[in-house]
1. Does the range A:204-219 hold any residues that are buried (at least 21 other Cβ atoms within 10 Å of the Cβ) and farther than 27 Å from A:Pro105 by Cβ, and which are they?
2. Does any residue of the range B:210-225 turn out to be hydrophobic (A, V, I, L, M, F, W, C), under 18 Å from the mean Cα position of the chain (by Cα) and farther than 23 Å from B:Ser130 by Cβ?
3. Take the range B:270-284 and flag every residue that is more than 12 Å from B:Glu243 (Cβ to Cβ) and charged (D, E, K, R).
4. Would you be able to say whether some residue in the range A:375-386 is in contact (Cβ under 8 Å) with a residue 24 or more places away in the chain, in a loop (DSSP other than H, G, I, E, B), assigned by TED's automatic domain parsing to the domain that holds A:Asp327 and surrounded by fewer than 21 Cβ atoms within 10 Å (Cβ to Cβ)?
5. Taking the range B:142-162, which residues are within 13 Å of B:Ser196 (Cβ to Cβ) and among the polar types (S, T, N, Q)?
6. Could you look through the range B:165-184, keep only residues that are within 19 Å of the chain's Cα centre (by Cα) and under 14 Å from B:Ala134 (Cβ atoms), and pick out the one that is surrounded by the most Cβ atoms within 10 Å (Cβ to Cβ)?
7. Can you find, within the range A:409-426, the residue that is surrounded by the fewest Cβ atoms within 10 Å (Cβ to Cβ) among those that are of a type outside the set (S, T, N, Q) and touching a residue at least 60 places away in the same chain (Cβ under 8 Å)?
8. Could you list, in sequence order, the residues of the range B:232-289 that are polar (S, T, N, Q) and crowded, with 18+ Cβ neighbours inside 10 Å?
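The values are calculated or read from the model by the stated rules, or taken from the named source; none is laboratory data. This structure is a prediction, so every number in the text was calculated from the model and none was measured. Cβ coordinates were reconstructed from backbone atoms using ideal geometry, including for glycine residues, and neighbour counts include every protein chain displayed.
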Amino acid sequence: MVRNSLGRWIPETFNGKALIPYRDPFALQPQGMRASRPLTRVNPGASKVLGSLREAIEASGLRDGMCISTHHSLRNGDVLLGQLVREIDALGIRGITIASSSIHPVHAELIPYIEKGVIAGLECGVNGLIGEQISRGLLKCPVVVRTHGGRARALVSGQVPVDVAFIAAPACDEYGNLSGSSGPAACGSLGYAQVDAEHARVVVAVTDNLRPYPVAPLSVPQTLVDYVVCVPTLGDPKKIVSTTTRITTDPVGLQIAQYAARVIEVSGLLRAGFSFQTGSGGISLAVANHVRTLMRANRIQGSFGCGGITGYFVDMLEEGLFQTLFDVQCFDLKAVESIGRNLNHVEISADMYANPFNAGAVVNRLDAVILGATEIDTRFNVNVNTESNGYLLHNTGGHSDTAAGAKLAIIVAPSMRGRLPIIRDELTTITTPGDTVDVVVTERGIAVNERHADLKRELLRCNLPVKDIGQIQAEITRITGRPRPLEFSDDVVGLIEYRDGSIIDVVRRIAD
Amino acid sequence: MSALQLRRTLLYVPGNMPSMLQNIPIFQSDGVIIDLEDAVPLSEKDAGRILVRRFLDAYAQRNKEILIRINPLDSKWGIEDLRAVLPALPDGIRLPKADTPEIVERLDTLLTEFEEELGIEIGRFKILPSIESAAGVINSIKIARCSQRVFALAFGAEDYTASLEIERTKTGEELFHARTRVIWAARAAGIQAIDSIFADVGDMEGLRRETELIKRLGFTGKSLVNPRQIEVVHEVFAPKREEIDYALQVVEAIQKARAMGTGVISLGGKMVDAPVVKRALRVLKTARAHHLIDMDIDDEVIYGQE
């Protein structure tokens, strides 16, 4: 065990691999070359179309102990991963590692296959029941949680070699050109899958919408796709767009949003060329709405909006408030519809979005980002992975990437949730280091990281309720009391990998 | 200068809802009215009282005016309400159904007794009478003057229209005369006038229109039913940049006039004299209270030094 720079105890190895403890957000330098995939040749007249998923698995050469991936652009509506694992099981293949871009509650259907040994490890974060069961020791399956940029880095660098990528393709032709913007399972950007297509040893496009050659515009080109398989359905379109995409009506949330928007305004970043990212939560959208009003009122033409894209950002693009949207993932149908027709709504890969080990990701160009938290400590470190019960329930997404990249990373969170204080002495899990978090906004006050004395002064001058983070914590705990700390065993069941591949924290099994 | 106590927004908070009471410190209304009357069901009257008392005891760093809407004094709960909450030192009482000056005077006497009992300054607890019936509107002139504790009149349109057996509309023609009379009564007595609630929480444009109307009529603020309404009302009451700039020019002009030994001067072809200066000072004081300007304003500017 060694302590990383944030004071977390990190084992020397996990699942047979040596670990690098986290030190700081920017110093770790990459070594070596970008990973690639084997050369191949498809001669004129050859067909890529196979009759079934099973045939594709066989053709891909998948064997015991190999690694597969899928993308999570269909989110909780995805049925492909479940189908694949059932077929893999039926073929008698065991010990598979899953390196999908994320796993959602719907994938709780994988639990029996983890128990049975079909799945031996998860090289990706999990949302929902699988994480809970792993945290409770009910399920044994080593899990490595990565940021979106960190996952791209892991594939691009060869840290996680994917043997077969199965790409759910909402529209695809028989030669493997595929697109996410049309079809019954249209999900818009396929930014995560683009990385897999470039780096997996074998790439299989799986579609429920085989269209005449050629499908265009392209998310992934034919040159990267080895096989094409038709299935009856990729998923339930109603659940594909499952995230909250409405502005909150909760007065506390609206108060937080108003403070956050004022912080952006006072920061001086809201000028011509402004770039911005928010998530899809109700508070984030309320901040976006304030920002939009301010941009309109002051006739500010922004540069780009980025990230998971919602209809709010589409409206801002169409209104001329942004020049471009960089879209790695569409959060609602309006975004899906826009990416198919608006040339300034640009599909980008997760590599371009957030990989720290390339010649510069889009997150590096962000002015402001609005992010959430399950817990925050007084050093501004943030947890988004585990809840107060210690269960690993949420994936990191782009949290640490955008916090590191943006000039102003603002965490918005209600001061208490379910009677528990949001600001803690010690986090259950550290996801994003406080060195990359600039401002924490709760309804009970705004805390500014001490690196930004100027911003703090300016916010105070504008009569905003700026307080020391410890003072906000004291105010909250005066109401809630201090929760009893959770008890964990020594067993490490998962890793929280920082975007550069170092280990920022681990997930331990909850004590019995 | 006399600091202007802004009462643009008085937010109702139900007295029996812990989750809402605990958020009182964070909302940006100028004041709150913690309700023990209509918002609290009969079965929870005593629980609400205890809760409000506990909340106020814990709310040490008061950052807004706290009023309690008690049950009417002729109900069986009104006096118990006072007994329960006054030791926690709210700023005042919103008195429902203040139809006559006698009702307000009765509360005044009770408050004096409680102040003596608690050993605190006489006159500390203020009164905000609710003018919410035809009788109340008719008596509002006397009500406004019947006690030193009365700092404003609050118009209650919902009960008022009910007492007249008419519908309340969003355009509010039916309220015009009553509103104007309440404002006259308040202004003649040198106190503030607070308008009724706007019940449709989803209709921000309707709220904005009504607030613009009541501001033009002379109300100094509004009672609110939802925190989401605060921002709109504050926006309407905030002086516009042009108004502030003009007011600053007026003050500058009158100071120049005084230096020349006169009380009247022309600014952009319009005469500037005491009433104009008075209005300009009011704009500047409001602007200062909104943190829009950062200067001290002295009433001396109006008439000059003796």
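1. The one that is buried (at least 21 other Cβ atoms within 10 Å of the Cβ) and farther than 27 Å from A:Pro105 by Cβ: A:Val215.
2. no
3. B:Lys270, B:Asp273, B:Lys278
4. Yes, some residue in the range A:375-386 is in contact (Cβ under 8 Å) with a residue 24 or more places away in the chain, in a loop (DSSP other than H, G, I, E, B), assigned by TED's automatic domain parsing to the domain that holds A:Asp327 and surrounded by fewer than 21 Cβ atoms within 10 Å (Cβ to Cβ).
5. B:Thr161
6. Residue satisfying both the conditions and the ranking: B:Val182.
7. Among those residues, the one meeting the criterion is A:Arg419.
8. The one that is polar (S, T, N, Q) and crowded, with 18+ Cβ neighbours inside 10 Å: B:Thr286.
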